[in-house]
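Worksheet: the structure to be examined is printed underneath.
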Amino acid sequence: MSKGLSFLEMVGKARENVSTISSEEARAKLKENPNTLVIDVQDASDAQACGLIPSSVNISLGMLPIRADLELPEQMRDSRLADRSRPILTTCGAGGQAALGAYILKLMGFEDVAFIEGGTTAWKNAGYEVEKA
């Protein structure tokens, strides 16, 4: 019987299938294309404790596939996730959940999705500001 995948193994699989972007590259992409959506996939309490990248939204990893599903009733979806060509960057505290979030969105047909290496912690360590959630 298979033991299944651990969290770190799932993150590894996600990392093999989605693009990684540095904090510096993410900041440049946001300046260059203000339509880029940054999604913090942490649970709300964790995102609050960590802080949010300016202009980002908090959609937990568990709710992300529901909010992005165009086949579900409109009240369950997030209209910001309707356009599969919209550039999306995912983040979290350290990058693991962000990799999974980006992979989920890629599986759902998003064409331009990447996750921020090291998450919001790396963003802050690069000297960039965060906002309280």
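Brief remarks on what is shown
- Karplus-derived HN-Hα couplings along segment 82-91 (A = 6.51, B = -1.76, C = 1.60, θ = phi - 60°), whole Hz, x at Gly and Pro: 6, 8, 5, 9, 5, x, 10, 10, 9, 8
- For segment 52-133, the relative contact order works out to 34 percent when only alpha carbon pairs closer than 8 Å and six or more residues apart are counted.
- Shape of the chain, Cα gyration tensor, a/c cut at 1.5: rounded
- Net dipole in debye of the chain [+1 Lys, Arg Cβ; -1 Asp, Glu Cβ; about Cα centre; nearest 20]: 100
- Think of segment 7-125 as a dipole: +1 on every Lys or Arg Cβ, -1 on every Asp or Glu Cβ, centred on the Cα centre; then among ALA82, SER19, ASN125, ASN125 lies furthest on the positive end.
- Burial ordering of ARG80, ARG27, fewest other beta-carbon atoms within 10 Å first: ARG80, ARG27
- Rounded to 5, percent antiparallel among DSSP beta bridges of the chain: 10
- Averaging Cα coordinates gives a centre for segment 100-120 and one for segment 63-78; these two points are 17 Å apart.
- Helical runs assigned H by DSSP (4 residues or longer) give the chain a calculated mean residue ellipticity at 222 nm of -10500 deg cm²/dmol, each run adding -39500 (n - 2.57) before division by the residue total.
- Cα shape, segment 1-48, gyration tensor, a/c 1.5 rule: oblate
Read-outs throughout are calculated quantities, based only on the coordinates presented, and are distinct from any laboratory measurement. What you see is a predicted model, and the numbers here were worked out from it, not measured in a lab. Positions of Cβ are generated from backbone atoms using ideal geometry, with glycine treated the same way; all protein chains shown enter the neighbour counts.
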